[in-house]
Amino acid sequence: MCKRFVKIVCCSLLISTASFTVHAKSNSHGNDSPVLVGTVTKVLDNGDVLVKQKAGGHERQMRLAVKSKVLFNYFKGAGLGEVKDPGPGYVVKARVSHKDVIDHASNVVYVPPLPESKPIANREKFSEKELFVLSDLNENVEVDYVEYSICIARSEKHFAAGFGPSDKDKSETLSDKEFAEALTHVAWWKWSRHPASHWLKQADKDGNGELNADEFKMFSGKANHFKRTDKDRSSGVSTKELSDYLNLKQLDEE
């Protein structure tokens, strides 16, 4: 189902000294994408950092601006202490500007390495309390960032859906109540609460039994998903097409 892994909690650090370089493989396609998301593969003696981008297969050389704000999130709970420098396996996200220099107005965010995502089998059938117990891999009555990323939701670009906003007490772990709140931000959990017919009825503002492009956009927040969902090219998404779409969303990582 899921196997135990180290805990990762949150810690932030501002670095405003020497510049370093990043080779990256981003989840935004293209070697000129303004968003860098990737994984550190090596830190060089001169401070340069080699990073493999999330998607696209591109390698890019990034340079940190002198006053860039660098945040190291979710490290303390992993037993890594006060992390001050990037290291192999860390995931990095940043916005870059001219000549691939990291935008001085953008935070550079690092999170620790994560194991492979292993969602709980038939997870949509469990209650919030049951999922909390199943996700609490080390059985300490709280769910940390790594446990949540393994079992519930993960994204290198957006980080774990709902984790940060739901950590109300800033303990950098989730209590059972905070965990239940976090689930409301997770697509597969939300869509699995009701059948597609329920969601279509709620979103079908003109009452014609299907969703047009505007209704679908309001419902999903993804205008570019309409054409791929409207399989029969009828200019309307049927209950069956919406069901297929939601089933795919439930399988997606956040």
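Every read-out reported here was derived from the displayed coordinates using simple, explicitly stated rules and does not represent laboratory data. Given the structure is predicted, the values throughout are model-derived calculations rather than measurements. Here the Cβ positions follow ideal geometry from the backbone for every residue, glycine too, while neighbour counts run over all protein chains shown.
If the chain between Lys190 and Leu71 were fully stretched, how many nm would it gain, using 0.36 nm times the residue separation less the Cα-Cα distance? Kindly include the intermediate steps, with their values, before the conclusion.
Working: separation 119, 0.36 × 119 = 42.84 nm, distance 3.02 nm.
Result for the pair: 39.8 nm of gain on full extension.
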Built amide H within the under 5 Å cut-off of Val51, gap 5+: His23, Ala24, Thr41
Among Phe216, Trp191, Gly162 - extreme Cα towards positive end, dipole of segment 143-236, charges at beta-carbon: Phe216
Candidate aspartates and glutamates - alpha carbon under 13 Å from Lys177, same-chain residues fewer than 8 apart omitted: Glu128, Glu130, Glu142, Asp167, Asp169
Relative packing of peptides 90-97, 165-172, 138-145 - highest average C-beta neighbours within 10 Å first: 90-97, 138-145, 165-172
Positive minus negative residues near Glu128 (Lys, Arg vs Asp, Glu; Cβ under 10 Å): -1
